[in-house]
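The values are calculated or read from the model by the stated rules, or taken from the named source; none is laboratory data. Everything numeric in this text was worked out from a predicted model, so none of it was measured. In this analysis, Cβ positions are derived from the backbone assuming ideal geometry, glycine residues included, and neighbour counts consider all displayed protein chains. With ligands, DNA and RNA removed, areas are computed over all heavy atoms of the protein, side chains included. Shrake-Rupley method; radii C 1.70, N 1.55, O 1.52, S 1.80 Å.
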Amino acid sequence: MFLSNSELYYIINMKSMKASAPVIDRFDLFTIAFDIVISIIGGILVNRLIPLLKEKFIKAELWGYDLNKRNSRERKIAESQGVIAAGIFLVLMFVMIAIVFSEHLHPESDFPNHKFVEYLAALLSICCMVLLGFADDVLDLRWSVKLLLPMIASLPLLLVYFANYHSTTIILPKPVRPYLGQQWNLGFLYYIYMSMVAVFCTNAINILAGVNGLEVGQSIIIAGSILIFNLIELQGICFEEHLFSLYFMIPFIACTMPILLRNWCPAEIFVGDTLCYFAGMTFAVVGIIGHFSKTMLLFFIPQIVNFLLSVPQLFKFIPCPRHRLPRLDPDSNKLNPSEVEFKKKDLKPLGWLMLRFFSLTKFIRYREYQNNDNEIMISTTNFTIINTVLCWFGPLHEETLSRILMLIQIVFGSFLTFFIRYYLVKFFYDS
């Protein structure tokens, strides 16, 4: 984990300003309380709107089947319901603009233009990704488009960062300082890194999906972890950035909780790609503008592992089917890992190495057999954490599988991150 020099910027410029004053004043407490109140109202609205609107989505042909259920073809389930949570979230954040900056509206106040621009740029990026997510649900966009548009959507954030901070220096960990020095100025590469953070966050949740409650469940756990981290850091020097993050995380959790309750097994709605991109960009926004993008990525440890596990199929080293969902056994009503089959002679050397590596590390299972044409075939489980869990634990009911995946997110995405952030970090940095 590398630390940006922007933290040092705040330490130097804010220490003297906040040394004699309370870190959180009464107005900040009021804005937090107001944020909580309107977030509760927003959550109630989302919960009321879902049953009112889901039939309209079905009439608009935005529906799907729950393939992991018996007789799944008998019931149509509304898709893209994440757009309801995203819409209410944006309304709440627009209302918060007037509250957060209300103390600076009188003539004698020095209006914080840089903070105002950050807030607007953050909302603009989130709006762009909500639009992309809904467009993907309707038009089924190609992966190349899904990778390109988050980079474009992150441009407002990067321009604001350039205008307000323009710090691209990272502090190197202690073990490498004798060889590489104490700090590096990455220059333009730092902006590429932040853009890649936005691309990763918006796609990582979408890749780790396929069972009821998983997309929105992992999003709420990540948001809750960020919220706890913000509350801890409110007592620190960079409290304004964490206060900024709180304004986003509180309504996010409130607006997505009703989605989780209705998307949990057995699902009555599907969240669609809209929620995945909305959640991912919201996390990227608070991580970049809040200056804790490295810590925020630690909350994505399960998603990072899932991405690395998916690389062989995402980059076509191993054949990748259209869907990698678990396979339902109707007799036992349990899920089994899904598989893909291909000829061994079609597998290139690098693909074979990847297959052997993930097999030896128990992330996948594969077998070789001979078909009727005497050709050697390979049948392997698909390269996702969902299928890995099924390989480890055997066939599971969908709800049990979802609970295990949520537990993995809590342990390795939340607990491990706080352990690294507040204990292991002292072995790599001075403070």
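Things worth noting here:
- In summary, the aspartates and glutamates within cross-link reach of Lys174, defined as a Cα separation below 16 angstrom excluding same-chain residues under 8 places away, comprise Asp430.
- P(r) tail fraction, the stretch 288-431 - alpha-carbon pairs more than 22 Å apart, %: 51
- Computed about the Cα centre, the dipole magnitude for the chain is approximately 1160 debye when only Lys and Arg (+1) and Asp and Glu (-1) carry charge, each at its Cβ.
- Debye-sum result for the chain in log10 I(q)/I(0), which assumes one identical scatterer on each alpha carbon, at q = 0.06, 0.09, 0.13, 0.14 Å⁻¹: -0.28, -0.62, -1.21, -1.36
- For the stretch 105-223, the Cα gyration tensor yields ellipsoid semi-axes of 30, 24, 15 Å (square root of five times each eigenvalue, largest first, whole Å).
- When only alpha carbons are used to place a centre, the stretch 55-91 and the stretch 111-189 end up 31 Å from one another.
- Rounded tilt (10° steps) of 6-18 against the dominant C-alpha axis of the chain: 40
- As a length-normalised measure over Cα pairs under 8 Å and 6 or more apart, the relative contact order of the stretch 289-431 settles at 28 percent.
- The stretch 206-365: relative contact order as a whole-number percent, Cα under 8 Å and 6+ apart: 21
- Across the accessible surface of the stretch 79-155, with the other protein chains kept in place and a 1.4 Å probe, carbon and sulfur atoms take up 73 percent.
- Solvent-accessible surface ranking, highest first, for Trp264, Trp352, Trp392 at 1.4 angstrom: Trp392, Trp352, Trp264
- Take the Cβ atoms of Leu424 and Thr361, set R0 to 22 Å, and the FRET efficiency comes out at 0.40.
- The value given for the stretch 197-317 is a Kirkwood hydrodynamic radius of 14.8 Å, derived from the mean inverse Cα-Cα separation.
- Residue ranking by accessible heavy-atom surface, 1.4 Å probe, largest first, among Lys316, Lys146 comes out as Lys316, Lys146.
- Coarse-grained scattering of the stretch 11-170 at q = 0.15 Å⁻¹, given as base-10 log I(q)/I(0) from a Debye sum over alpha-carbon atoms: -1.05
- A 1.4 Å probe run over the chain, with the rest of the protein chains in place, finds 47 Å² accessible per residue.
- Relative contact order, percent, the stretch 29-169 [alpha-carbon distance under 8 Å, six or more residues apart]: 20
- Separation of the alpha carbons by more than 26 angstrom is noted, of Lys146/Lys344; Lys316/Lys344; Lys316/Lys343; Lys54/Lys115; Lys316/Lys345, for Lys146/Lys344; Lys54/Lys115.
- Most mobile of Asp28, Asp66, Asp136 in a GNM of the chain (Cα contacts under 10 Å): Asp28
- Within the chain, longest stretch clear of exposed GluC sites (Glu not before Pro) (DSSP loop, no more than 12 other Cβ within 10 Å): 109-374
- Between helix 155-164 and the chain: long-axis angle, C-alpha atoms, 0 to 90°, nearest 10: 30
- Cα centroid separation, the stretch 375-429 to the stretch 27-48: 33 Å.
- Cα-based helix-to-principal-axis angle, 214-233 vs the chain, degrees rounded to 10: 30
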